[in-house]
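For reference, the structure discussed in these notes is given below.
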Amino acid sequence: MNKKLLMLSLVCFFGSSVYAEMLIEEGQIWQLESRSSGASFVGSKSEVLYRLRSDAFHTMRARKFDEWDLFARVDSRDLLRLKRGNEIKILNLMHSDEIARVELLDGKEQGKYFFVIVDDVFKKFSLLEKDESKES
């Protein structure tokens with residue numbers, strides 16, 4: 001009985017992560033739903049976009065392997081802090097679909113390109129329907 005429950009939970013876990021990876025596509029528009037102040041002081045709970053692809057990649061690797069001293073050295077000037085409601089458009093996926101190049105659709109740096117960790121998109125953003133999205 002325990003083996004069956006374990007197998008079922010593993011199938012559900014891996015099945016949901018496979019579905020999540022298939023969910024993100026180029027051209028989709030996502031809106032930040034989690035609380036984010038946009039403040040730049042240390043300790044603020046703000047969500048970020050990365051100006052450099054390497055910064056997003058190193059942060060993703062640091063999270064994955066829990067080795068913050070080796071991977072994640074990001075200059076805070078290379079981050080764009082978002083506010084709740086900011087929208088991004090997925091342009092393309094890279095690094096085994098773990099990093100996405102995005103265009104910011106609103107805010108002070110509207111129209112500029114950034115990078116985001118795909119896991120953050122699933123956890124902190126919501127997908128907008130086609131008719132809700134801004135047409136570019």
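To keep it simple, each residue is scored yes or no on (1) within 15 Å of the chain's Cα centre (by Cα); (2) closer than 21 Å to residue 129 by Cβ; (3) at pLDDT 95 or above; (4) assigned to a loop (DSSP other than H, G, I, E, B).
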residue	(1), (2), (3), (4)
16	no, no, no, no
41	no, no, no, yes
46	yes, no, no, yes
57	yes, no, no, no
70	no, no, no, no
89	yes, yes, yes, no
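Annotation: residue 108 fulfils all but one of (1) without any contact (Cβ under 8 Å) to a residue 12 or more places away in the chain; (2) under 20 Å from residue 34 (Cβ atoms); (3) surrounded by 15 or more Cβ atoms within 10 Å (Cβ to Cβ); the unmet one is (3). Total residues in segment 54-77 satisfying the condition of being surrounded by fewer than 15 Cβ atoms within 10 Å (Cβ to Cβ) and either under 25 Å from residue 106 (Cβ atoms) or touching an Asp or Glu at 6+ places or on another chain (Cβ under 6 Å) (or both): the figure is 3.
Only a single item in (1) at pLDDT 90 or above; (2) more than 11 Å from residue 81 (Cβ to Cβ); (3) not in a loop (DSSP other than H, G, I, E, B) is not met by residue 20, and it is number (1).
Each residue in segment 78-100 was checked for being crowded, with 18+ Cβ neighbours inside 10 Å and either under 21 Å from residue 25 (Cα atoms) or out of contact with any strand residue (DSSP E or B) (no Cβ under 9 Å at 6 or more places or on another chain) (or both), and 7 pass. Residues of segment 72-85 that are more than 13 Å from the chain's Cα centre (by Cα) and part of a loop (DSSP other than H, G, I, E, B): 72, 73, 74, 75, 83, 84, 85.
Quick check: anything in segment 24-33 small (Gly, Ala, Ser), outside any helix (DSSP H, G or I) and at pLDDT 55 or above? Yes, segment 24-33 contains at least one residue that is small (Gly, Ala, Ser), outside any helix (DSSP H, G or I) and at pLDDT 55 or above. Residues that are among the β-branched types (Val, Ile, Thr) and assigned to a strand (DSSP E or B) were ranked within segment 111-121; the one that is surrounded by the fewest Cβ atoms within 10 Å (Cβ to Cβ) is 117.
The values are calculated or read from the model by the stated rules, or taken from the named source; none is laboratory data. This one's a predicted model, so the numbers in the text were calculated from it and none came from an experiment. Please note: Cβ atoms are built from the backbone with ideal geometry, for glycine as well, and neighbour counts cover all protein chains shown.
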